[in-house]
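Q: Next up is a structure, given as C-alpha cells.
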Amino acid sequence: MHSFAYRSNALFTFGVTILAIMCIMVSVSDNFNTASPQAQIEVLKINRFKRQPNGNDEVSLTMNISADLQSLFTWNTKQVFIFVAAEYETAKNVLNQVSLWDAIIPSKEHAVFSIPATNKYGFVDQGSNLRGQEFNLTMHWHVMPKTGYMYADKKVISGFRLPEEYR
Amino acid sequence: MDWQGQKLSEMLMQIMLLVSAVVAFVAGYVMSSFKNMLIIYAASVGITLLTTVPDWPFFNRNPLQWLDPKEAEIHGVRVQKPKPQPQNTSKKPSKASKK
C-alpha cells in the first residue's frame, strides 16, 4: 500500500471481487421467489385454411392470448420472452412444433395482458396433415435475468381441433 | 504515507467496501431494484477511493524515525560518508525522508 497506483489497484480488484459476489448473491436470491404464472389461450377464428401449391397445409387463425406473468418478475429480471407454439402429432413425427406468435415483456407492469392476436408466423405443416388435426397451443416463457442463469417453462393448453375441410 | 498509514488505509478500504456492499445489497433487495444496488455500490466505491487512495495527512501521523548517521556507526552499520559540505561538522542533519 506504499504508492498511489498500488492502493488504486488494490481497491479496484477488491471492489470488483465484491461486485462479483454480490451478483452471485442476487442470482441466489431469485430462488426465494415462487412463480405461479397464469396463461390462457382461446382460438377465436380460423381465418384461412388451405393447401399451398407445394402441397403443404397452411392455417391462419386468430387467438385470444391472456396471461398474468407478474410472478415471474423479481428484482433480477431483465425481461421475459414468451412465444405461443402449436404442437401436434402426425404419423411421421411424434411432436411437431410451429411457433405462431411471440412477444417480449420488458417489465412487470406489462406482464398482465389479454390481447387478440393473429399468428405472426405461418402455421404451415410440412405435408398435408392438418385437416381434422388435434393440436395444443403451448405458451412458453424464457425468463432472462440481469445476472445469473436463464430458465424457461411452459404451459400447455390442449383441446383444439382444425376443421375437416379447407376454407 | 508511513507504515501505520498504509495499514490503516488498507483496513479502511476493506471495511468500507464490505460494509457498502452489504448496505447496497440490502437496500437493493428492499427496494427491489438492481439498478439502485449498483448505484449505491458505485457511489460508495467512489467515496472509498477518495478516502483511502490519496495521501491524506492522517495517514502520516507516525513518521519513520531514521537513526542519526553517527549513532548508526556505533551500532555497526556502515554509513556512506556524505559528500564534504562547507563546514557542517558539529551535527549531521537527520535525514527523515518519507513518501
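Q: Yes or no: B:V23 within 17 Å of A:L11 (Cβ to Cβ), at pLDDT 95 or above and not small (G, A, S)?
A: Values: within 17 Å of A:L11 (Cβ to Cβ): no; at pLDDT 95 or above: yes; not small (G, A, S): yes.
So B:V23 does not fit the description; no.
Rundown of residues vs (1) within 14 Å of chain B (Cβ to nearest Cβ); (2) in contact (Cβ under 8 Å) with a residue 24 or more places away in the chain; (3) buried (at least 20 other Cβ atoms within 10 Å of the Cβ), yes/no style:
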| position | (1), (2), (3) |
| --- | --- |
| A:L69 | no, yes, yes |
| A:F73 | yes, yes, yes |
| A:K78 | yes, yes, no |
| A:F81 | no, yes, no |
| A:T90 | no, yes, no |
| A:L95 | no, no, no |
| A:W101 | no, yes, yes |
| A:K120 | no, no, no |
| A:G127 | no, yes, no |
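Q: Same structure, new question: What's the total number of residues in the stretch B:1-20 that are farther than 14 Å from A:G15 by Cα and either at the interface with chain A (Cβ under 7 Å from one of its Cβ atoms) or outside any helix (DSSP H, G or I) (or both)? Let's see the steps before the verdict.
A: Step one: of the stretch B:1-20, the residues farther than 14 Å from A:G15 by Cα are B:1-9.
Checking the rest, the ones that are also either at the interface with chain A (Cβ under 7 Å from one of its Cβ atoms) or outside any helix (DSSP H, G or I) (or both) come to B:1-2, B:6, B:9.
Qualifying residue count for the region: 4.
Q: Looking at (1) outside any loop (DSSP other than H, G, I, E, B); (2) touching a residue at least 12 places away in the same chain (Cβ under 8 Å); (3) over 20 Å from A:R161 (Cα atoms), find the lone condition where A:V43 falls short.
A: (3)
Q: Is at least one residue of the stretch A:73-80 β-branched (V, I, T) and under 30 Å from A:N54 (Cβ atoms)? Steps first, please.
A: Going residue by residue through the stretch A:73-80, those that are β-branched (V, I, T) are A:74, A:77, A:80.
Then drop every residue that is not under 30 Å from A:N54 (Cβ atoms), which leaves none.
So far as the stretch A:73-80 goes, no, none of its residues is β-branched (V, I, T) and under 30 Å from A:N54 (Cβ atoms).
Q: Across the stretch A:36-67, which residue is farthest from the other protein chains (Cβ to nearest Cβ) among those that are of a type outside the set (S, T, Y) and under 30 Å from B:M31 (Cβ atoms)? Give the steps one after another, and end with the answer.
A: So in the stretch A:36-67, the residues of a type outside the set (S, T, Y) come out as A:37-59, A:61, A:63-65, A:67.
Filter once more, so that each one left must be under 30 Å from B:M31 (Cβ atoms): A:37-39, A:67.
On the way: A:P37: 18, A:Q38: 21, A:A39: 24, A:A67: 21 Å.
Among those that are of a type outside the set (S, T, Y) and under 30 Å from B:M31 (Cβ atoms), it is A:A39.
Q: Kindly indicate the residue of the stretch A:78-134 that is of a type in the set (V, I, T) and not in a strand (DSSP E or B) and also nearest to A:S36 (Cα to Cα) among those meeting that condition. Before you say what the answer is, go through the steps one by one.
A: Here is the first cut: in the stretch A:78-134, the ones of a type in the set (V, I, T) are A:80, A:82, A:84, A:90, A:94, A:98, A:104-105, A:112, A:115, A:118, A:124.
Within this subset, residues satisfying the condition of being not in a strand (DSSP E or B) are A:90, A:94.
Working: A:T90: 32, A:V94: 29 Å.
That would be A:V94.
The values are calculated or read from the model by the stated rules, or taken from the named source; none is laboratory data. Here the structure is a predicted model, which is why all the values come from computation and not from measurement. We place every Cβ from the backbone using ideal geometry, glycine too, and count neighbours over all the protein chains shown.
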